[in-house]
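Reading through the structure tokens given below for one structure.
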Amino acid sequence: MAKNWAIEEVFRISYYEILCFFLIYSFFGWCLEVVYQAIEHGKFINRGFLNGPYCPIYGFGVIIVTGALDPIKSNAVLLFFGSVILTSILEFITGFVLEKIFHMHWWDYSEEKFNLSGYICLKFSLLWGVACLVVVRIIHPTVTVFVDKFPSTAGIIIISVYMIGVASDMIVTVLAIIHFKRRIILLENISSQMRKLSDKTGEMIFDKVEGAMNRKEELSVKNAELRKKYEDLKERYKAVLEKRERSIRRIQRSFPKLSFDSLRSFREQLDELKDKINKK
């Protein structure tokens, strides 16, 4: 007989319980992130990919760990190392997929020792292992009892509202990021123009120095034209950046190490061009 690989069979709990655990641990994870950021930065930061008070990666993580490692939960050593492996895989895949989809680095452990492509590092993997020990051994049994005793009708209503909220939040956030990516493309076009202008300025200032001394007035006119083009590009650059949506601003606050390579490249070219013009 073919084995049943339905989620309920794999995790030995009902879909209702899975959704309840996802809701609860997504919220707990968000609370944990807020507390960590408050200790680290001394202020409230809505740490998370989405706007609401939830971090889905924690919900998925706890469900995977509690479901997959339930047979070995009595063995603390195996539970710890199993948790380290599973949470590390989840964090690596999540970071990798988010970067491939949005072309942005959402977190970066490159400065930490024993990191893998900046997505995961030994320090936090071990911390996740300890956290999972606490969850599986202490927190999850209490949460399970709470879910079992909570009225199922009320639970279904809360879960339905919650999932609609998460789905709506995700759609709004993704659309905001996609819209922002279009502006990144616009900045890349401006950046290309900036590179051409920068090269032209460099050729005018640094090439044929002897001839330039004899054409001082002509160079002065050309330099003024280049300055005007520089100012125009600078204004276009500012106009694009000032149109950031609230969701993008929140995401940038939530992920301080979030990098936009196109923006950084553009700023470097802008400064380079300015230096070349000022040297003349």
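A few comments on the model shown:
- Summed over the stretch 33-63, the residues that are among the acidic types (Asp, Glu) and more than 16 Å from the chain's Cα centre (by Cα) give a count of 1.
- Looking only at residues in the stretch 159-192 that are polar (S, T, N, Q) and buried (at least 17 other Cβ atoms within 10 Å of the Cβ), the one that is modelled with the highest pLDDT is 173.
- Screening residue 47 with (1) in a helix (DSSP H, G or I); (2) closer than 30 Å to residue 179 by Cα gives one miss only, at (1).
- Residues of the stretch 71-103 classified as in contact (Cβ under 8 Å) with a residue 24 or more places away in the chain and within 21 Å of residue 29 (Cβ to Cβ), total: 15
- Leading residue by the ranking (surrounded by the most Cβ atoms within 10 Å (Cβ to Cβ)) among those in the stretch 55-86 that are more than 21 Å from residue 166 (Cβ to Cβ) and among the hydroxyl-bearing types (Ser, Thr, Tyr): 83
- Filter result for residue 155 (surrounded by 15 or more Cβ atoms within 10 Å (Cβ to Cβ) and over 22 Å from residue 90 (Cα atoms)): yes
- Selection of the stretch 90-106 for residues being assigned to a helix (DSSP H, G or I) and either in contact with a Ser or Thr (Cβ under 6 Å, 6 or more places away or on another chain) or loosely packed, with under 14 Cβ neighbours inside 10 Å (or both) yields 93, 96, 97, 100, 101.
- Matching option when the condition is in contact with a Leu (Cβ under 9 Å, 6 or more places away or on another chain) and in the same structural domain as residue 125 (by TED's automatic domain parsing), among 95, 59: 59
The values are calculated or read from the model by the stated rules, or taken from the named source; none is laboratory data. Please read these numbers as outputs of a predicted model, since none were measured by experiment. Cβ: placed from backbone, ideal geometry, glycine included. Neighbour counts: every protein chain shown.
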